Amino acid sequence: MGYLVQSQTSRLLPIFYGPFVPLHSSIAPVTSAEIQAQKVELRRSLLRARQGMHPDQWREKSDRLCHHVQQWQPFQEARTVLAFFSTRQEPDLMPLFHLPKRWAFPRCEDQAMIWHEWSPRSRYPLQTGSFGISEPHPLSPTITPQQVDVILVPAIACDVRGYRLGYGGGYYDRMLSNPLWSGIPTIGIVFELARLPQLPHAPWDRRLGNICTEVGVFPSRPTTPSLKMT
Ligand SMILES: Nc1nc2c(c(=O)[nH]1)N(C=O)[C@@H](CNc1ccc(C(=O)N[C@@H](CCC(=O)O)C(=O)O)cc1)CN2
Ligand SMILES: Nc1ncnc2c1ncn2[C@@H]1O[C@H](COP(=O)(O)OP(=O)(O)OP(=O)(O)O)[C@@H](O)[C@H]1O
């Protein structure tokens with residue numbers, strides 16, 4: 001089900017459309033294994049596209065993206081924001097971390113993310129975590145879900161419905177399936193080349209409320225309700 005389309009950046013990117021389901025037919029079976037295999041292939045091609053970006057372009061697009069995050073009302077009103085440190089040429093949000101908000105970042109411990117406060121003026125140094133990603137110091141103060149106003153979510157790609165493709169660890173899906181976290185406004189952070197019409201998704205995939213790219217902020221579109229034959 002992979003199609004190659006010409007994106008705005010003149011790269012050929014695979015777009016995955018769901019199975020064509022004629023009226024009166026039952027839903028075509030798509031196994032979990034098939035969905036995971038599609039994700040592996042998409043991860044590979046989208047990471048290659050992102051990491052092929054020239055560093056100057058990466059900086060310029062990251063800055064434009066930060067500008068759009070700053071214009072987003074829930075962010076403007078937020079006191080405490082969850083964010084991430086850029087890895088593998090993810091958009092770099094560092095300019096935002098100087099804004100007067102309480103910032104928190106994930107530290108991976110087994111299957112969970114522990115959220116710790118950090119700011120450029122923090123007395124706790126960052127350290128490198130198990131995936132080679134900068135993480136806050138384990139002794140820096142932790143943040144509870146009740147304190148959080150907005151979650152900036154890293155992704156390899158997002159689709160217009162808010163489905164997200166990550167590195168395959170399931171960290172955000174697990175977190176966002178927990179009722180303590182699931183009601184907090186989320187915004188996926190990707191470059192425009194990774195905002196896709198449709199991503200394959202598994203039953204455990206949680207949708208994000210909004211997507212931000214260097215072009216702007218896009219509220220996620222509702223999924224089309226399935227047709228019911230009576
Ligand atoms: N900047 C940033 N920080 C983040 C995340 C992120 O997406 N971006 N995470 C978001 O969750 C968490 C880290 N999650 C990760 C999960 C898996 C891999 C990883 O290296 N995966 C293997 C493949 C694993 C598989 O396919 O089973 C790889 O990519 O080689 C890296 C990070 C927490 N911190
Ligand atoms: N709510 C959950 N409870 C338990 N396991 C989960 C949950 N959500 C996801 N997982 C597991 O985590 C893995 C997530 O795989 P998937 O390919 O969807 O990752 P991803 O969303 O791309 O990665 P990530 O969230 O780390 O960036 C799957 O193996 C799945 O079984």
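Observations, loosely collected:
- Residue in segment 83-95 that is within 12 Å of ligand 1 (Cβ to nearest atom), part of a loop (DSSP other than H, G, I, E, B) and within 18 Å of Arg174 (Cβ to Cβ) present: yes
- Exclusive hit being touching an Asp or Glu at 6+ places or on another chain (Cβ under 9 Å), aromatic (Phe, Trp, Tyr) and free of Cβ contacts under 8 Å to residues at least 40 places away in the same chain, set Phe97, Phe191, Phe105: Phe105
- Only one of the numbered conditions (1) surrounded by fewer than 15 Cβ atoms within 10 Å (Cβ to Cβ); (2) closer than 30 Å to Gly52 by Cβ; (3) among the hydroxyl-bearing types (Ser, Thr, Tyr) is violated by Ser177, and that is (2).
- Qualifying residue in segment 116-129 (condition: under 17 Å from the mean Cα position of the chain (by Cα) and either within 26 Å of Ser45 (Cα to Cα) or buried (at least 21 other Cβ atoms within 10 Å of the Cβ) (or both)): no
- Residue check, Glu109 over 18 Å from the mean Cα position of the chain (by Cα), farther than 28 Å from His67 by Cβ and of a type in the set (Asp, Glu): yes
- Where a residue in segment 172-184 is of a type in the set (Gly, Ala, Ser) and its partner, wherever it lies, is within 15 Å of ligand 1 (Cβ to nearest atom) and outside any helix (DSSP H, G or I), with Cβ under 8 Å and at least six apart: Ser177/Trp204; Ser177/Arg206; Ser182/Arg206
- Any hit, segment 137-153, residues being surrounded by fewer than 21 Cβ atoms within 10 Å (Cβ to Cβ), charged (D, E, K, R) and under 27 Å from Gln71 (Cα atoms): yes
- Criterion: without any contact (Cβ under 8 Å) to a residue 60 or more places away in the chain, over 13 Å from the mean Cα position of the chain (by Cα) and more than 12 Å from ligand 1 (Cβ to nearest atom) - qualifying residue of Pro145, Pro200: Pro145
- For Cys66, the conditions (1) under 17 Å from the mean Cα position of the chain (by Cα); (2) touching a residue at least 60 places away in the same chain (Cβ under 8 Å) are fulfilled apart from (2).
- In segment 116-138 there is at least one residue matching the filter, namely being farther than 22 Å from Arg174 by Cβ, at pLDDT 95 or above, assigned to a strand (DSSP E or B) and not β-branched (Val, Ile, Thr).
The values are calculated or read from the model by the stated rules, or taken from the named source; none is laboratory data. A quick note: this is a predicted structure, and the numbers were derived from the prediction, not measured. Note that we place each Cβ from the backbone using ideal geometry, even for glycine, and neighbour counts take in every protein chain shown.
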